[in-house]
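Participant: Below is the structure I would like to discuss, written out as structure tokens.
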Amino acid sequence: MTEFVPDAGFRKNEKLKSALLQHSALSAKGISERLFGILFSGLVYPQIWEDPDVDMQAMALAPGHRIVTIGSGGCNMLAYLSKAPDHIDVVDLNPHHIALNRMKLAAFRHLPDHMAVVRLLGSDNARTNASMFDRYVAPHLDSSTHRYWNQRSPLGRRRISVFNGNFYRTGLLGRFIAAGHALARLHGVKLEEITRCNTLEEQRQFFDTRIAPIFEKPLVRWLTNRKSSLFGLGIPPQQYDELASVSETGTIAPVLKERLEKLACHFSIKENYFAWQAFARRYPKSHEGALPDYLRADYYSIIRANTERVAVHHASYTELLASKPAGSVDRFILLDAQDWMTDQQLNDLWTEISRTADDGARVIFRTAAEKSVIEGRLAETISNQWTYLKESSEHFNRLDRSAIYGGFHIYEKKA
């Protein structure tokens, strides 16, 4: 057989083809990231999806601690106040989350009682919430937050009026959950019916017979193979890849099924308000189950008394830490933000964390995949200052009622 030797023209064409394919892949990636950026520029999380009870236990949160956390929906920041920390700095780059955090703090300070707080922040179809906001909360807001909640839509409705209906059906996450319900109904399943289960055994049966089969449907498999399908969960393209990496098939459907199984089956539905948001798109009524930690009646007085200890900053985490003195922070909460970061961004962040951390300080964060995203990526001069609490991390990951993350991680600053 004659050996084929490519001529110069062939080699040139192959190089051109390779370059075009690479450019096409880069363009697709760029478009995907751009689309995510556009979607993420609005309100994303009406409710934060990290379990504050797990957070507080894992941090061994105690009176006098100085905390820096990401704002998101603001629920966890308020729950942390139940432990009477010395101070909480809340950071977020999303102006919608900033306005939501500041409004929630003002609601605790100025609404007349616990029932009014629950009515505004935890109820659906409370038609007088906007007028209650006008009377008690609005006069005490800073000008930018006041302007935000009074801004009108093209239809003339004020932004605060969403609290007259169901605020938790709004935002990117709220719309994503709505799409999930529509997809389930298309396959003959009403997800809210799981909230009628009285035991873990009934919840398991509902999941196995009604929910699990949906993930085998061709439409669902096709949708979950596209990165844009999970933008509504706040999952960017690079985090999608992390999730897919833990699946034997390299696709996202088995991972979503596993996470939903934990949400549906591992905790009593009456004690898991995350499950209520996912399956009923609202919080439970008083006779149905437990409200979020920050809306608990026994936390109300201490949270209200400590709201002045919070400062909300429209800034990045690294930027805020760079302005703080050395050794001035005891607890750091990073949510899942590091899943999105480059090696340089991680090292910049942990340089400031290490500088501002007092001896014995703790950092907690979650990851889409199971492993810690900082292992092997930080400079030794940084990583050598920290101890990974592996057993505690695995323990609290099992207890996390939000159930959507693969890993929960705790690092402690060496003395």
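Participant: Specify which of the listed residues (Gly360, Gly376) is small (Gly, Ala, Ser) and in a strand (DSSP E or B). Working first, answer last.
Facilitator: Working: Gly376 fails: in a strand (DSSP E or B).
The conditions single out Gly360.
Table: residues versus (1) surrounded by 18 or more Cβ atoms within 10 Å (Cβ to Cβ); (2) within 13 Å of Trp386 (Cα to Cα); (3) at pLDDT below 95.
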{"residue": "Met341", "(1), (2), (3)": "yes, no, yes"}
{"residue": "Gln345", "(1), (2), (3)": "no, no, no"}
{"residue": "Leu349", "(1), (2), (3)": "yes, no, no"}
{"residue": "Ser354", "(1), (2), (3)": "yes, yes, no"}
{"residue": "Ile364", "(1), (2), (3)": "yes, yes, no"}
{"residue": "Ala368", "(1), (2), (3)": "yes, no, yes"}
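Participant: Considering only residues of the stretch 373-391 that are open to solvent by less than 50 Å² (accessible area, probe 1.4 Å) and over 17 Å from the mean Cα position of the chain (by Cα), which is farthest from Ala60 (Cα to Cα)?
Facilitator: So the first thing to find is which residues in the stretch 373-391 are open to solvent by less than 50 Å² (accessible area, probe 1.4 Å), and the list is 373-374, 378-379, 382-383, 386, 389.
Narrowing the set further to residues that are over 17 Å from the mean Cα position of the chain (by Cα) leaves 374, 378-379, 382-383, 386, 389.
Numbers: Ile374: 22, Leu378: 25, Ala379: 27, Ile382: 23, Ser383: 22, Trp386: 17, Leu389: 13 Å.
Filtering first and then ranking leaves Ala379.
Participant: Oh, and also: Kindly provide the set of residues from the stretch 305-317 that are open to solvent by less than 80 Å² (accessible area, probe 1.4 Å) and not in a loop (DSSP other than H, G, I, E, B), ordered by number.
Facilitator: First, the residues of the stretch 305-317 that are open to solvent by less than 80 Å² (accessible area, probe 1.4 Å): 305-307, 310-313, 315-317.
Those that are open to solvent by less than 80 Å² (accessible area, probe 1.4 Å) and not in a loop (DSSP other than H, G, I, E, B): Ala305, Asn306, Thr307, Val310, Ala311, Val312, His313, Tyr317.
Participant: Going through the stretch 318-328 one residue at a time, which ones are outside any helix (DSSP H, G or I) and in contact with a Ser or Thr (Cβ under 8 Å, 6 or more places away or on another chain)?
Facilitator: Initial filter on the stretch 318-328 (outside any helix (DSSP H, G or I)): 323-328.
Lys324, Pro325, Ala326, Gly327, Ser328, listed by residue number.
Participant: Confirm whether Asp92 is modelled with pLDDT under 95 and open to solvent by less than 50 Å² (accessible area, probe 1.4 Å).
Facilitator: On the way: modelled with pLDDT under 95: no; open to solvent by less than 50 Å² (accessible area, probe 1.4 Å): yes.
Criteria not met by Asp92.
Participant: If you take just the helices (runs of 4 or more DSSP H) that sit entirely in the stretch 178-265, which of them hold at least 2 residues that are modelled with pLDDT of 95 or more, under 23 Å from the mean Cα position of the chain (by Cα) and more than 23 Å from Leu43 (Cα to Cα)?
Facilitator: Numbers: elements: 200-206, 218-224, 237-245, 253-265.
Result: 253-265.
A quick yes/no check of all residues on (1) in contact with a strand residue (DSSP E or B) (Cβ under 6 Å, 6 or more places away or on another chain); (2) hydrophobic (A, V, I, L, M, F, W, C); (3) at pLDDT 95 or above; (4) under 30 Å from Phe332 (Cβ atoms):
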position	(1), (2), (3), (4)
Met56	no, yes, yes, yes
Ala60	no, yes, yes, yes
Met103	no, yes, yes, yes
Asp113	no, no, yes, no
Arg119	no, no, yes, no
Ala126	no, yes, no, no
Phe133	no, yes, yes, no
Ser143	no, no, yes, no
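Participant: Follow-up. Do we have Gly156 as outside any helix (DSSP H, G or I), more than 26 Å from the chain's Cα centre (by Cα), closer than 19 Å to Leu260 by Cα and of a type outside the set (Ser, Thr, Tyr) here?
Facilitator: Details: outside any helix (DSSP H, G or I): yes; more than 26 Å from the chain's Cα centre (by Cα): yes; closer than 19 Å to Leu260 by Cα: no; of a type outside the set (Ser, Thr, Tyr): yes.
No: the conditions fail for Gly156.
Participant: Mind listing just one residue for me: the one in the stretch 56-89 that is of a type outside the set (Gly, Ala, Ser) and open to solvent by 40 Å² or more (accessible area, probe 1.4 Å) and, of those, nearest to Ser393 (Cα to Cα)? Write out each step before concluding.
Facilitator: First pass over the stretch 56-89, keeping only residues of a type outside the set (Gly, Ala, Ser): 56-57, 59, 61, 63, 65-70, 75-78, 80-81, 83, 85-89.
Right, trim to open to solvent by 40 Å² or more (accessible area, probe 1.4 Å) and you get 57, 63, 66, 83, 86-87.
On the way: Gln57: 11, Pro63: 22, Arg66: 21, Lys83: 21, Asp86: 25, His87: 25 Å.
Among residues in the stretch 56-89 that are of a type outside the set (Gly, Ala, Ser) and open to solvent by 40 Å² or more (accessible area, probe 1.4 Å), the one nearest to Ser393 (Cα to Cα) is Gln57.
Participant: Hey, another quick one. Based on what the data block shows, is Leu295 in contact (Cβ under 8 Å) with a residue 24 or more places away in the chain and closer than 16 Å to Asp92 by Cβ?
Facilitator: Details: in contact (Cβ under 8 Å) with a residue 24 or more places away in the chain: yes; closer than 16 Å to Asp92 by Cβ: no.
No, not satisfied.
Participant: So, in the stretch 329-353, of the ones that are touching a Lys or Arg at 6+ places or on another chain (Cβ under 6 Å) and outside any helix (DSSP H, G or I), which residue ends up farthest from Asp89 (Cα to Cα)?
Facilitator: Of the stretch 329-353, the ones touching a Lys or Arg at 6+ places or on another chain (Cβ under 6 Å) are 329-331, 336, 343, 346.
Subset that is outside any helix (DSSP H, G or I): 329-331, 336.
Details: Val329: 10, Asp330: 12, Arg331: 10, Asp336: 18 Å.
Step by step, filter the stretch 329-353, then rank; the result is Asp336.
Participant: Here's another thing I want to ask about it. Looking for something open to solvent by 70 Å² or more (accessible area, probe 1.4 Å), touching a residue at least 12 places away in the same chain (Cβ under 8 Å) and not hydrophobic (A, V, I, L, M, F, W, C) - is there at least one such residue anywhere in the stretch 327-339? Lay out the reasoning, then the answer.
Facilitator: Our first condition is that a residue be open to solvent by 70 Å² or more (accessible area, probe 1.4 Å); within the stretch 327-339, this holds for none.
Among the residues of the stretch 327-339, not one is open to solvent by 70 Å² or more (accessible area, probe 1.4 Å), touching a residue at least 12 places away in the same chain (Cβ under 8 Å) and not hydrophobic (A, V, I, L, M, F, W, C), which makes the answer no.
Participant: If you scan the stretch 276-303, which residues turn out to be open to solvent by 40 Å² or more (accessible area, probe 1.4 Å) and over 25 Å from Cys265 (Cβ atoms)?
Facilitator: Matches in the stretch 276-303: Ala297, Asp298, Ser301, Ile302.
Participant: Residue by residue through the stretch 266-282, note down the ones that are in a helix (DSSP H, G or I) and farther than 13 Å from Asp400 by Cα. It would help to see each step written out before you state the result.
Facilitator: Looking only at the stretch 266-282, we keep the residues that are in a helix (DSSP H, G or I), and these are 269-271, 273-279.
Ile269, Lys270, Trp276, Gln277, Ala278, Phe279 - these are the residues of the stretch 266-282 that are in a helix (DSSP H, G or I) and farther than 13 Å from Asp400 by Cα.
The values are calculated or read from the model by the stated rules, or taken from the named source; none is laboratory data. Worth saying up front: this structure is predicted, and the values here are computed from it rather than measured. All Cβ positions, glycine included, derive from the backbone under ideal geometry; neighbour counts span all protein chains shown. Quick note on the areas: whole protein, heavy atoms, side chains included, nothing else; ligands and nucleic acids left out. Shrake-Rupley method; radii C 1.70, N 1.55, O 1.52, S 1.80 Å.
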